[in-house]
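The values are calculated or read from the model by the stated rules, or taken from the named source; none is laboratory data. Since we're looking at a predicted model, the values are computed, not measured. Using ideal geometry, Cβ is built from the backbone for each residue, glycine included, and neighbour counts are taken over all protein chains shown.
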Amino acid sequence: MKPVLLLLIAVAALTILQVYLFVIIKRLNKKKQAPPPQKEEGRTKPKLYPIMCEGDFTSSYLYEGSTKDDIAERILDYFEICKPYLNPKLKIKDLEGPLKTNRNYLSQAFNDKLENNFNRTCNYFRVREACRLYIKNPKLSLKDIFLLAGFNSSSAFLTAFRTHTNYTPGRWQREVIERIGKREPVSVDDYIKKLKVR
């Protein structure tokens, strides 16, 4: 009876081992078969950017190099694709990991190549996002817009909006509604020029 019991224990252990290996192999295959990136407006955009941007952003197929120009390009791509500025508590140190560089190089790239400091660049993208949100859904209130765009307060939103568009939000809103009423095409780029590496 003891040999039969030992045989059953051995079979059970092998079965558990097979299941364990099957699960590991299945997980590894899922990682290899990540969804291919989509193209949107000339930039590569992952389908689920909050998940894909958590560490896969600077994989070798996207970027190589670490000059100020390269870092500035990575910053622009990261901001356009992953939208980290939607986090109202975003700090420059939060970009070190995803962009695979340190705070000093990031700061130099912002100041020298983007001609903006970190906060001004974040607010630039937040204002663009606020405009995009409103154009897409004109029924949103200004409070909804500034919160969804990543601003902490209405005063920060108003200041940044005036700085980047030369409009007050209310005046801009009225103009957009008027243009939509006339069935004219409305684009964020009509009001805010694209940020470029110089």
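Brief remarks on what is shown
- Subset of the range 48-71 [part of a helix (DSSP H, G or I) and either at pLDDT 90 or above or of a type in the set (S, T, Y) (or both)]: Y49
- So L142, is it within 20 Å of K89 (Cβ to Cβ) and either assigned by TED's automatic domain parsing to the domain that holds K91 or surrounded by 13 or more Cβ atoms within 10 Å (Cβ to Cβ) (or both): no
- Sub-8 Å Cβ pairs linking a first residue in the range 96-121 that is closer than 13 Å to L76 by Cα and acidic (D, E) to a second residue that is surrounded by fewer than 16 Cβ atoms within 10 Å (Cβ to Cβ) and at pLDDT below 90, at least 6 apart or interchain, are E115/R198, ordered by first then second residue.
- Filter result (closer than 13 Å to C131 by Cα and out of contact with any helix residue (DSSP H, G or I) (no Cβ under 8 Å at 6 or more places or on another chain)) within the range 145-156: L147
- Wholly enclosed helices (runs of 4 or more DSSP H) of the range 139-191 bearing at least 3 residues under 23 Å from the mean Cα position of the chain (by Cα): 142-148, 154-165
- The residues of the range 110-128 that are in contact with a helix residue (DSSP H, G or I) (Cβ under 7 Å, 6 or more places away or on another chain), closer than 21 Å to K89 by Cα and in a helix (DSSP H, G or I), listed by number, are F110, F118, T121, C122, N123, Y124, F125, R126, V127, R128.
- Yes/no for I192 being at pLDDT below 90, of a type outside the set (S, T, N, Q) and surrounded by 15 or more Cβ atoms within 10 Å (Cβ to Cβ): yes
- Filter result (aliphatic (A, V, I, L, M) and surrounded by 19 or more Cβ atoms within 10 Å (Cβ to Cβ)) within the range 93-138: L95, L99, L106, A109, L114, V127, A130
- In the set (1) surrounded by fewer than 17 Cβ atoms within 10 Å (Cβ to Cβ); (2) under 19 Å from A72 (Cβ atoms), the condition left unmet by S154 is number (2).
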